[in-house]
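Below: the structure, in structure tokens.
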Amino acid sequence: MALKFFVPAVALTQLASSTLRGIGSAKTIVLTIVALSLAAWWLMAIDLPPAVAYLRSWMPALLRGLWVNVQISVQAVAIGSLLGLGLGPAALSPVRAVRACARAYVQLFRNVPLLVLIYFTTYVFPFEIRVAAWTLPFPDIVKVVLGLALPTSAYVAEIFRGAIQSIPSAQWEAAQSLAFRRTQIFRLVVLPQCLRRMLPPWMNFYASLTMSTSLASLMGVHELVDTAQIASNTVGRTDFTICVYFALLALFFMYCYPIALLTRALEKRYDRH
């Protein structure tokens, strides 16, 4: 019986796949999302088996949980990217001490498991901060963001350093011959090319980081995985537990797969140029 409920969804996916042959990646992303949305709408509109009916009732809560994951990933990658953009040039600094410190930071946070960093920030930072007569809470979600921002800054620093080193030395020499200062060369010649070269690996890392935000559930953050666990315990049905974790796979896939498609499209575009 369950198979007949998913036949239209499979048909929509096959229709999208056949339609998308030879179409660009941007249209592929849009049409894939439309096909999945139509399949989800169809499932919401019909009479379903009990487990799937429970899943339908819990879907708004799961979507709110996914939104928390997205917020964590965006904040972590924003903070980490700002730090990494400063560390990348520091790793190429002519000052030996600055170069050594930047490289030590990058190697440290690139080679520590994410879960360890999340536990580190959770228990090292206080649960509340006292400022004069006020006591400000330090939420667990902020600690998770900081725990994910540390490895992000290290990876972005390496991406930036590699992009700088990929610029041909002839461009530096040509700009110097035109009496450009080093800061002008970096700002006007090197940086625009670096940003284009950094974008695909940066987006790829962001998709990976988004999937890693599921670790926040271990710290008590009420995100997608934590919501799924609460739903499973509340309903108490094995078939519903299977359905809810399939829904988790689908939700993460629907968010991260378009990013992967766009990353590949950008890589091909910049390779051609």
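Assorted remarks:
- Computed accessible area, VAL235, all protein chains, 1.4 angstrom probe, square angstrom: 30
- Global geometry of segment 50-271, whether rounded, prolate or oblate, following the gyration tensor of its Cα atoms and the 1.5 cut on a/c: oblate
- Unit charges at the beta carbon, dipole of segment 103-191: most positive-side option, LEU191, TYR105, PHE127: LEU191
- Given their separation in residues at 0.36 nm each and the Cα-Cα distance between them, PHE138 and LEU92 gain 13.0 nm when the chain is fully extended.
- What segment 50-271 shows is 54 Å² of accessible area per residue, with the surface traced by a 1.4 Å probe over protein heavy atoms.
- Segment 59-177 - percent of accessible surface contributed by carbon and sulfur, probe 1.4 Å: 69
- The protection proxy used here, the mean number of other Cβ atoms lying within 10 Å of each residue, ranks peptides 208-218, 95-105, 172-182 as follows, highest first: 208-218, 95-105, 172-182.
- Separation of alpha-carbon centers, segment 80-132 and segment 177-194, rounded to whole Å: 27
- If the segment from PHE120 to TYR245 were pulled out straight at 0.36 nm per residue, it would be longer than the present Cα-Cα gap by 42.2 nm.
- Label-point gap, in nm, between LEU188 and ALA174 - each point 7 angstrom along Cα→Cβ: 1.4
The values are calculated or read from the model by the stated rules, or taken from the named source; none is laboratory data. These figures come from a predicted structure and were not determined experimentally. All Cβ positions, even for glycine, are placed from backbone atoms using ideal geometry, and neighbour counts span all protein chains on display. Note: areas computed on protein heavy atoms with side chains; ligands, DNA, RNA excluded. Shrake-Rupley method; radii C 1.70, N 1.55, O 1.52, S 1.80 Å.
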